[in-house]
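Student: Can you read through this structure? Questions will come right after.
The values are calculated or read from the model by the stated rules, or taken from the named source; none is laboratory data. If you're wondering where the values come from, they're calculated on a predicted model, not measured in any experiment. When we count neighbours, we look across all protein chains shown, and the Cβ atoms used for this are built from the backbone with ideal geometry, even at glycine. Accessible surface is based on the protein model in full, side chains and every heavy atom, while ligands, DNA and RNA are left aside. Shrake-Rupley method; radii C 1.70, N 1.55, O 1.52, S 1.80 Å.
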Amino acid sequence: MNVADERWALDHRPSLFDHASRLHERTPDQPLPDGGCPYPDEIADHDRRDDTVSPAENRAALLSTLEAFFTTPDRSVQALHDRISALRMPVWMIRPKVLGDMPWLHQDLTRQAGLWLARHATDRLPAMVGLCLLAGRARPEDIPLVRTLGLLRCFGSTAVNVLEQVPGAADALIWLAERSTGRPRSQAVSAMCRLGDPTTFPWLLRRATDDRGMVGSYARQVAETVSLADTLESGDLDGEITVHAGKLLQALLSSRDYSVQLHEYADACRAIAGFAVQAETAEPALDLLAAVITLAEDLRTGHAACLPWAPGERAATLERLKRLVASPRWTQCLAEARCSPDQMTRWRASWATRAIRDVPPDPVRPGDGELNQLAIHIIVPDPILDEQVETRLLVDGHPVVAEAFRKGGPFGPEYLLGALEATDKSREVRLAEAYCTEGCCGALYVTIIRDGNTVTWRDWRDSMGGTRLAPFHFQAEQYDETVAQAVHDHGWEWTARSLARKLHRLLRDEPDLLATWQCELGGVFARTGEQDTIRMTFWYPHYPTGLDDDDPWLQFEWIIPVEDMDLDAQVIRLADHLRRTDPKTHADLIGGSQEFADHFGFPWPY
């Protein structure tokens, strides 16, 4: 690199590396606020978008630019930077594999160019190219540069890719994971697991998950890498490891992946049983209580109940966890959590208190004769995980949805309970959908029909194939009573969920509230991880009939705060507001297209 290249770096806006370094100085032990946004090149990046250029054309343009640089004797990295910056392609499209093993990528020159771009680039495109050029070529002395640039959210995953291939970079992966969130953090954890360096095991045992948990496949990698079951069976552990083990097991139960990973973890039974033993002597903490509640419920009604337990072991482990949930040892912990200045901590304390208070009875066992017995449990997850409320169906005490379908959880009660109604006309009911969508990985269906005094569930099917469950037969009166009781039981709800239910019912009963403004209701819902607001979605001017619907349409979302007042009174106030005010004037536009937004005169937000 020549002197002009170095001079150029001083005469322009701050480099991405300098931007990351300055922010890191302010929060040296934490992730950068908002992942480092806004970036110095924010305006340039917005102007660069061009949806008319295909990924193949973008890749060809980038490779042509790089080949010209590496095959020209009179080369300037400044000119390379400028040419890459001028490309009209999104940053996410650039990955190490895009560059491949091109014959003109000479090892030393490629590393030098990569270092310069990573250190001096003022635009995300050339900075990303610099990191990609370092993949497989970076040396230990390059680690500080790579890990600092990786603090910026847009570069985190690529920085992990580079660091994983540098000898002795395990400590750097820990350093970056500690200062990252979301996908970059999870990928740093995954990289540590692939390396299998024992020096990372103490950290993985205590810190692999963050406050929001992690995807199940990453949690399984951690559990297998550190031999979690062996660790939990090894005797007295410090409380930090026990609490973190509970978080890993919660993640293995999650349906926020393409498959519930608990079934893929060979030592799942041993790990759950070992955790139950260790939790009895660990210092009370809200995270520990959350894991105990979640695992106890799953042993009753979820995937943990479907594991290949040794005879009597599941019942013994469940009994141990039930005693622990009911123990008075949590009283002080919950009292402190309810008074916490942190809103999420208070929400979790309320959730745990309800869970302790409303412990369901043991699952109903098989009845007399050939008839089965149905039980319905509404399961509210730990708010910090922000997962869906589930309607778990137990037949003779066994969770049939978990048994038949591992790609997503059962639907919530608002959708599923009404669909369970049995009539003399057979109806196919969708019980659960894959986390990604049915079109990707399938859904679980059963056909329900009433024949005299008997209700039958038959013809089970996964829309992607593979489900084999025998028919179930229920005494009709008991079946109706069980479903009706679940429909009318709202004791599991929190305040926002109750408000959402009441407002949805009003809008359903009075469609003119939205029809006056040429709008059609989508739904009203309350997220488990957002308990001070509800969200109402609606379509304008109509719900689209399909992806190929040529008639213009838009989707809006109105975020409504939960007020400290009687819920019925707030519903009346919201209805009065809708009679006077077009909701499109204050709701957020979240769906449709820029073309449709232009057609109706709305600014497109994306």
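Student: Checking the condition within 23 Å of residue 489 (Cα to Cα), of a type outside the set (Phe, Trp, Tyr) and either at pLDDT below 95 or more than 23 Å from the chain's Cα centre (by Cα) (or both), which residue from 406, 354 passes?
Tutor: After ruling out the rest, the residue left standing is 354.
Student: Residues of region 163-185 being at pLDDT 95 or above, open to solvent by 20 Å² or more (accessible area, probe 1.4 Å) and of a type in the set (S, T, N, Q), which ones?
Tutor: 165
Student: If you don't mind, there's one more thing I want to ask. Suppose we filter 477, 481, 493 for residues that are without any contact (Cβ under 8 Å) to a residue 40 or more places away in the chain, buried (at least 18 other Cβ atoms within 10 Å of the Cβ) and of a type in the set (Asp, Glu); which single one remains?
Tutor: Residue meeting the stated conditions: 493.
Student: Tell me which strands (runs of 3 or more DSSP E) are completely within region 374-474 and hold 3 or more residues being open to solvent by 50 Å² or more (accessible area, probe 1.4 Å) and more than 26 Å from residue 530 (Cα to Cα), or say none if there are none.
Tutor: Of the strands (runs of 3 or more DSSP E) lying wholly inside region 374-474, those with at least 3 residues that are open to solvent by 50 Å² or more (accessible area, probe 1.4 Å) and more than 26 Å from residue 530 (Cα to Cα) span 427-433, 454-462.
Student: Check residue 299 against each of (1) in a helix (DSSP H, G or I); (2) under 28 Å from the mean Cα position of the chain (by Cα); (3) surrounded by fewer than 20 Cβ atoms within 10 Å (Cβ to Cβ) and name the one condition it does not meet.
Tutor: Evaluating residue 299 over (1) in a helix (DSSP H, G or I); (2) under 28 Å from the mean Cα position of the chain (by Cα); (3) surrounded by fewer than 20 Cβ atoms within 10 Å (Cβ to Cβ) leaves (3) as the failure.
Student: Sticking with this one: Take the residues of region 551-591 that are closer than 19 Å to residue 515 by Cα and among the polar types (S, T, N, Q): which is surrounded by the most Cβ atoms within 10 Å (Cβ to Cβ)?
Tutor: 555
Student: Of the residues 208, 188, 245, which single one is open to solvent by less than 30 Å² (accessible area, probe 1.4 Å) and over 24 Å from residue 165 (Cβ atoms)?
Tutor: Unique residue meeting the criteria: 245.
Student: Here are the criteria: (1) out of contact with any Pro (no Cβ under 8 Å at 6 or more places or on another chain); (2) part of a helix (DSSP H, G or I); (3) open to solvent by 10 Å² or more (accessible area, probe 1.4 Å); (4) not small (Gly, Ala, Ser). Tell me which single one residue 155 does not satisfy.
Tutor: (3)
Student: Filtering region 247-284 down to residues that are free of Cβ contacts under 8 Å to residues at least 60 places away in the same chain and β-branched (Val, Ile, Thr), which residue is farthest from residue 331 (Cα to Cα)?
Tutor: Only one residue fits best here, namely 272.
Student: Out of 266, 251, 219, I need the residue that is open to solvent by 30 Å² or more (accessible area, probe 1.4 Å), within 27 Å of residue 462 (Cα to Cα) and among the small types (Gly, Ala, Ser). Which one?
Tutor: That would be 266, the only listed residue that is open to solvent by 30 Å² or more (accessible area, probe 1.4 Å), within 27 Å of residue 462 (Cα to Cα) and among the small types (Gly, Ala, Ser).
Student: Tell me which residues, restricted to region 502-531, are open to solvent by less than 60 Å² (accessible area, probe 1.4 Å) and in a helix (DSSP H, G or I).
Tutor: 502, 503, 506, 507, 513, 514, 515
Student: Another question, if that's okay. When you scan region 123-135, do you find a residue that is in contact with a Leu (Cβ under 9 Å, 6 or more places away or on another chain), open to solvent by 10 Å² or more (accessible area, probe 1.4 Å), in contact (Cβ under 8 Å) with a residue 12 or more places away in the chain and under 24 Å from residue 37 (Cα atoms), even just one?
Tutor: For region 123-135, residues in contact with a Leu (Cβ under 9 Å, 6 or more places away or on another chain), open to solvent by 10 Å² or more (accessible area, probe 1.4 Å), in contact (Cβ under 8 Å) with a residue 12 or more places away in the chain and under 24 Å from residue 37 (Cα atoms): present.
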